[in-house]
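Peer 1: Got a structure for you, questions after.
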Amino acid sequence: MTRTRIKICGFTDAPLALTAVHAGADAIGLNFVSKSPRVITVAQAKIILNALPAFVQPVALFCDASTEQIITLTQELGINTVQLHGKEPLSFANYLSPLKIIKALPFDDQFQQEVESWTKHCQNLAGIIVDAPPKDGLTGGTGVAIDWDKLSQMKQPHWPALILAGGLTPQNVAQAITTVKPYGVDVASGVEIKRGVKDQTLIEQFCDAVCSVQ
């Protein structure tokens, strides 16, 4: 069985991004949401991207940005996968093709219906991030966990790759993977010593915990 994929989101410098890669991260999230404590500039993103080795997937994170902004930025940076963390409609995502789309959806009463809709109508959908509902004005990186048992019972074989997020830490990620059996996990605040500040030890502990699950 292939191990659960690891995405760590919200890097602002290259050394810590490389720490994550060496620890086992498969994807690095670059945050372009202006109100986020993890937002970076294009110049910062270029430094991180230039440092990444082969086979590590960079993902650009947006929240209710314009299609023009997303297309312009991804073309400048050479990024092929974007994570949409707002209320973007299906038509919006399809317009961004051939960019691959990872859609973040809050785990609320509308979750199952939303997944079915995106699965059926989004031709360039690469995965669904299952996150906690928005909190304190943030649509992600809130540190709030979701009901893993409920998600495990709900998920369907025809759904796209599920990427589990929301309140994951080095201490609970193994249990989350065992319960949900997702394609991947996505962490931001769970490997930070304070909001927006990544910690090398926590990053390594998180990756070790994921890799420990058989």
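The values are calculated or read from the model by the stated rules, or taken from the named source; none is laboratory data. Treat the numbers as computed from the prediction; the structure is a model and nothing was measured. As a convention, Cβ positions derive from the backbone with ideal geometry for all residues, glycine included, and neighbour counts pool all protein chains shown.
Peer 1: Please enumerate the residues belonging to region 161-173 that are crowded, with 17+ Cβ neighbours inside 10 Å, of a type outside the set (Val, Ile, Thr) and at negative phi.
Peer 2: Matches in region 161-173: Leu162, Leu164, Ala165, Leu168, Pro170.
Peer 1: Looking only at region 6-16, decide whether some residue is touching a residue at least 40 places away in the same chain (Cβ under 8 Å) and assigned to a helix (DSSP H, G or I).
Peer 2: At the first step, the residues of region 6-16 found to be touching a residue at least 40 places away in the same chain (Cβ under 8 Å) are 6-12, 16.
With assigned to a helix (DSSP H, G or I) added as a condition, the list becomes 16.
Within region 6-16, one or more residues are touching a residue at least 40 places away in the same chain (Cβ under 8 Å) and assigned to a helix (DSSP H, G or I).
Peer 1: Condition first: assigned to a strand (DSSP E or B) and buried (at least 19 other Cβ atoms within 10 Å of the Cβ). Now tell me which residues in region 81-104 satisfy that. Break it down stepwise before answering.
Peer 2: Start the filter on region 81-104 by keeping residues that are assigned to a strand (DSSP E or B), which leaves 81-84, 100-104.
Within region 81-104, Val82, Gln83, Leu84, Ile101, Ile102, Lys103, Ala104 meet the criteria.
Peer 1: Within region 9-68, track down each residue that is surrounded by fewer than 16 Cβ atoms within 10 Å (Cβ to Cβ) and of a type in the set (Phe, Trp, Tyr).
Peer 2: Matches in region 9-68: Phe55 only.
Peer 1: Next question, about the same structure. When the residues of region 69-80 are narrowed to those that are assigned to a helix (DSSP H, G or I) and hydrophobic (A, V, I, L, M, F, W, C), which ends up surrounded by the most Cβ atoms within 10 Å (Cβ to Cβ)?
Peer 2: Applying the filter and picking the extreme gives Ile70.
Peer 1: Pull out all pairs, ordered by first then second residue, where Cβ-Cβ is under 6 Å, the residues are six or more apart or on different chains, the first lies in region 67-84 and is within 17 Å of Ile28 (Cα to Cα), and the second is of a type in the set (Gly, Ala, Ser) and in a helix (DSSP H, G or I).
Peer 2: Matching pairs, first to second residue: Leu77/Ala45.
Peer 1: Consider Thr201 carefully, then state whether it is at pLDDT 95 or above, polar (S, T, N, Q), within 11 Å of Thr4 (Cβ to Cβ) and surrounded by fewer than 21 Cβ atoms within 10 Å (Cβ to Cβ).
Peer 2: no
Peer 1: Looking only at residues that are assigned to a helix (DSSP H, G or I) and polar (S, T, N, Q) in region 192-214, which one is farthest from Ala174 (Cα to Cα)? Spell out the reasoning first.
Peer 2: Of all residues in region 192-214, those assigned to a helix (DSSP H, G or I) come to 200-211.
From the residues that got through so far, the ones that are polar (S, T, N, Q) too are 200-201, 205.
On the way: Gln200: 19, Thr201: 17, Gln205: 11 Å.
Checked region 192-214; the qualifying residue farthest from Ala174 (Cα to Cα) is Gln200.
Peer 1: Hey, another quick one. Could you tell me whether Ser152 is assigned to a helix (DSSP H, G or I), out of contact with any strand residue (DSSP E or B) (no Cβ under 8 Å at 6 or more places or on another chain) and surrounded by fewer than 20 Cβ atoms within 10 Å (Cβ to Cβ)?
Peer 2: Numbers: assigned to a helix (DSSP H, G or I): yes; out of contact with any strand residue (DSSP E or B) (no Cβ under 8 Å at 6 or more places or on another chain): yes; surrounded by fewer than 20 Cβ atoms within 10 Å (Cβ to Cβ): yes.
Taking the combined requirement at face value, the residue satisfies it.
Peer 1: So is Asp109 at pLDDT 90 or above, closer than 23 Å to Ile177 by Cα, loosely packed, with under 15 Cβ neighbours inside 10 Å and not polar (S, T, N, Q) or not? Please lay out each step first, then the result.
Peer 2: Numbers: at pLDDT 90 or above: yes; closer than 23 Å to Ile177 by Cα: yes; loosely packed, with under 15 Cβ neighbours inside 10 Å: yes; not polar (S, T, N, Q): yes.
The answer is yes for Asp109.
Peer 1: Please enumerate the residues belonging to region 40-87 that are more than 18 Å from the chain's Cα centre (by Cα), within 27 Å of Trp118 (Cα to Cα) and of a type in the set (Ser, Thr, Tyr).
Peer 2: Answer for region 40-87, where residues must be more than 18 Å from the chain's Cα centre (by Cα), within 27 Å of Trp118 (Cα to Cα) and of a type in the set (Ser, Thr, Tyr): Ser66, Thr67, Thr72.
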